[in-house]
Amino acid sequence: MAEFTSTVHQNEFLPDGGTDVHAIVSVTCSGAGEVVAWGGSGGTGGAGYPGGSGGDAGEVIIVDVSGSMDVQGVQAAAYAASAALDEIVDGVWFAIVAGNHEAALCYPTGTSAAMARMSAQTRLEAKRSLQRLAPGGGTAMGRWLLAAGQLFATVPSLSKRHAILLTDGANQHETPQELSWALDQVRGRFQVDCRGLGAAWQVAEVRRIAETLLGSVDLIRTWDGLSEDFAALMASSMGKGVSDAQLRVWAPQGAEVLFVKQVSPTLEDLSGRRVEVNALTGGYDTGAWGDETRDYHVAVRLAPKAVGQEQLASRVQLVVGGEVRTQGLVKAAWSSDDVLTAQISPEVAHYTGQTELASAIQEGLRAKAMGDDVTATSRLGRAVQLARETGDDGATSRLSRVVDIDDAATGRVRLRRHVDKLDEMELDTASTKTTRVRPS
Amino acid sequence: MSDPTTAPLPDDPTAPIPAPGSGRTEAPAPGAEQPEAEPGADAAQPEAAPAEPAAEEEPEPFSDGPPPLPEPMLVLDGALPPAAAAAPEVDHGTCTSCGGGFDEEGWCTQCGERRPDPRHHVTSAPSASVAGVCDRGRRHRDNEDAMALWADDGQPGRAVLVVCDGVSSAPRSAEASLAAAEAALEQLRGSGDPEQRHDRAARAAADAVAAVAGESHRDAPSCTYVSAVVEDDRASVASIGDSRAYWLPDDGEPQRLTSDDSMAEEQVRAGIPRAEAEAGPLAHTITRWLGPDSPDHRPGTTVHDVAAPGWLLLASDGLWNYASDPADLAAVVRSVGSRVGHSPAPLAQGLVDWANEQGGADNITVALARCGDARQDGTHG
């Protein structure tokens, strides 16, 4: 049985008339278990999760075969897909989709939408079928996602559905509206980890897919790294034994939840994902959990009370299959003692800085792409400053490949004349990866 | 689903990495395959092999006499325990602000209000002439003051009062102050020389604080201590720290019976005017206290004549901060008494209310014993 624990970091003291309570709630999962092979899950004969809610697991590998991939690219993608197949545990349902301006079922081979159960036999067949992949056509990722949704729907016993999506180009054969529509159709049906190969894909577009479908987005510079990355992605998915998990945030009557963000390991604003559990409680799907820690930043606005009064500002719970597995309490206490009320929790300060850092990078790059050098310089300068303040050396190093840093402390920078597009994209994709608070 | 012609895969150099176990479908070469396939296929085999010779060495059946009769097996009646009842909703009380229920940690599930802590306001009135009120005040979240009172209407003229003020900078001080007050009361109720009782009581109180502290000597909880034993016309008073005892006769000069162990008091002794010293930044820094990290636990004791009608008053600094001088405090008691009457319980409450009206910056404790009246009715006026 997976075990969840939580810790709340906050300064609960508010000054007279203060209303806004901020807290970082750290949720840790241990004993999540792994997908267990045939027969190991007790009777169903499929692959299940001893630590999670039971049921079968399904994986769909989506490979871009558009013309831009070229023969070499498709071969590398096939090789990477093959490495991912090696990581899929026997008994897990799987399928391979070849995507261009359409979505074709590469495996299982057949005349109707279907998934196959992993075994030595099907793994081998799947690898052989990858040889059928050939470059050609355009890119319509919405269709690929709809196809994945269609495949998952053919196996009603699935309790965990996960896909890997590889692309190398912009979504040229669909309008943004068409992609949005497709995302709306598949939202909540499965998780997708997205990987962009080379420099021709749009970070913002693929990030939108990953964020909607509770997955990650990353840049793969060249074909060399693809195979390892796919294998690692699949292995990590196999290690996520807890599915059907939801973060719940309660706030008292009359209070307003300002936002709920995941701030570690990556930055994601969950506010828009809220579904009402009851009048005072919102639910936010978290996707599957392995043995890991995730930090959430919760902000609640309260009606102020008299100095000396206190109240509960929020209950933050992790719920699996409808059962509360851990709860953190966020409190508020009004005080006239400035020493108490002026303190900011180091965790809240750190992640507030990291959040601002991410938006400064993204806004700076957007301005740079539009030729607005003044805004780009000022935002990226601010990013350099924040990266220094929050001790994010990785971000500082990525920024230094896009701007020349004159003075990190004041954020004085100059845009570099010649920037490798891949460096810029890496800065963008990595902007949502946060560092944790350094022990002081 | 798969193409049957490609299913048992022949070795093909262009094929992607073959999966492990792909050779299994090939016909095994007889003999050669055997040693490779066996260990994986039958794990029990290696253990079974050595077991065979061992079986031959087993003792002959019945060599030690007939086997014991088999115990008759239990016949199962198939009775099932009642299905586990759903965990009953525990009632943790109802919120007075909104009518919602409290959760197990004492927070309202509707409005988030905290369940009132009974410690926030405590009243005690063991007899008609002795009473006290201990209150959180307006500014503090918790009440770290504590009191313990004893009196018996059947033994007029005797009373024991103890007040302790937990040091709020140390954790668990609320628990420590209550344990100290109760431990001291237990000793002071006994008989014998009052001064020895005071020593025993202070030691017992210090032990009680140490017990709460447990192993943690860093940030150990601690508290002040003031106690009074009234026996007929005499009151013996002991104190450590800055909680105080006053004698406020109806007629005559009001007096403070204790001397603070505080930086302010040391400044006064050094010649700084009392008002100035008590308003200074270090005024509330105490130099002696009860706790595992305190220098000593021997209280300063005095004995005072309380034959005349009047009030013996013990208080934490939550009260005397607003009226330190005995004459000022006597005036407050007279003024409050004229409003609420001269019974100890309403008078103690009235004094706490008065301190809260002044700001209630600290926890407030007031313990009162009426002295010198006709012992039969125990009240005054």
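Give a quick list of trypsin sites (Lys or Arg not before Pro) in the range B:141-222 that DSSP marks as loop, anything other than H, G, I, E or B, with at most 12 other Cβ atoms within 10 Å. Could the numbers behind the result be given before it?
On the way: sites: B:Arg141, B:Arg158, B:Arg172, B:Arg189, B:Arg197, B:Arg200, B:Arg203, B:Arg218; in loops: B:Arg141, B:Arg172, B:Arg189, B:Arg218.
Qualifying residues, ordered by number: B:Arg218.
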| query | What pairs in A:Lys261/A:Lys368; A:Lys261/A:Lys331; A:Lys127/A:Lys421; A:Lys240/A:Lys368; A:Lys160/A:Lys331; A:Lys127/A:Lys433 have C-alpha atoms more than 30 Å from each other? | reply | A:Lys127/A:Lys421; A:Lys240/A:Lys368; A:Lys160/A:Lys331; A:Lys127/A:Lys433
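Roughly what % of Cα-Cα distances in chain A sit above 43 Å, to the whole percent?
Numbers: 16288 of 96580 pairs.
Tail fraction, whole percent: 17.
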| Distance from the Cα centre of the range B:299-336 to that of the range A:370-440, in angstrom? | 68
| Contact surface B-A: accessible area buried, both sides summed, square angstrom, 1.4 angstrom probe | 2700
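Given Cα pairs under 8 Å that are at least 6 residues apart, what percent is the relative contact order of the range A:99-236? Each step should come with its number before you reach the end.
Working: 187 pairs, mean separation 29.1, N = 138.
Once divided by the residue count of the range A:99-236, the mean separation gives 21 percent.
Let me have the relative contact order for the range A:297-427, percent, based on Cα pairs under 8 Å that are six or more residues apart. Could the numbers behind the result be given before it?
On the way: 157 pairs, mean separation 20.2, N = 131.
Relative contact order comes out at 15 percent.
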| field | Candidate residues A:Ser237, B:Ser168: accessible-area rank, largest first, probe 1.4 Å | value | B:Ser168, A:Ser237
| request: Could you bin all the Cα-Cα distances of the range A:56-238 into 10 Å bins starting at 0 and give me the percent of pairs in each, rounded to whole numbers? | output: 11, 44, 39, 7, 0
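Counting Lys +1, Arg +1, Asp -1, Glu -1, what net charge surrounds A:Gln343 among other residues with beta carbon under 13 Å of its beta carbon?
Numbers: positive: none; negative: A:Glu12, A:Asp337, A:Asp338, A:Glu347.
Residues close to A:Gln343 contribute a combined charge of -4.
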| query | When the distances between all Cα atoms of the range B:244-312 are binned every 10 Å from zero, what whole-number percent does each bin get? | reply | 18, 36, 34, 11, 0
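Where does the range A:110-195 land on Rg/Rh, using Cα atoms and the Kirkwood Rh? Please list the in-between numbers first.
Working: Rg = 14.3 Å, Rh = 14.6 Å.
Radius of gyration relative to Kirkwood radius: 0.98.
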| So how tilted is helix A:176-186 from the main axis of chain A? Cα-based, degrees 0 to 90, rounded to 10. | 90
| request: First select every other residue whose beta carbon is under 10 angstrom from the beta carbon of A:Thr212; then total the charges, Lys and Arg +1, Asp and Glu -1. | output: +2
| Among the DSSP beta bridges whose two residues both lie in chain A, what percent are antiparallel, rounded to the nearest 5? | 70
| Protein chains only, probe 1.4 Å: how do A:Val339, A:Val155 rank by accessible area, largest first? | A:Val339, A:Val155
| said: I'd like the distance between the alpha-carbon centres of the range B:179-242 and the range A:298-347, rounded to an integer number of Å. | reply: 38
| task | Take the Cα pairs of the range A:301-376, get the Kirkwood Rh, then feed it into Stokes-Einstein at 25 °C and 0.890 mPa s and tell me D in µm²/s. | result | 149
| What list of ³J(HN,Hα) values in whole Hz, one per residue of the range B:224-237 in order, does the Karplus curve 6.51 cos²θ - 1.76 cosθ + 1.60 (θ = phi - 60°) give from phi, with Gly and Pro shown as x? | 8, 7, 9, 9, 9, 10, 9, 9, 6, 8, 10, 10, 9, 10
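With a 1.4 Å probe and all protein chains kept in place, how do A:Glu363, B:Glu357 rank by accessible area, largest first?
On the way: A:Glu363 75, B:Glu357 120 Å².
My answer, sorted largest first, is B:Glu357, A:Glu363.
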| Tell me, what does the Kirkwood hydrodynamic radius of the range A:347-430 come to in angstroms if you use every pair of distinct C-alpha atoms? | 12.3
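The values are calculated or read from the model by the stated rules, or taken from the named source; none is laboratory data. Predicted model only: the values in this text are computed from it and were never measured. Virtual Cβ from ideal backbone geometry, glycine too; neighbours counted across all protein chains shown. Quick note on the areas: whole protein, heavy atoms, side chains included, nothing else; ligands and nucleic acids left out. Shrake-Rupley method; radii C 1.70, N 1.55, O 1.52, S 1.80 Å.
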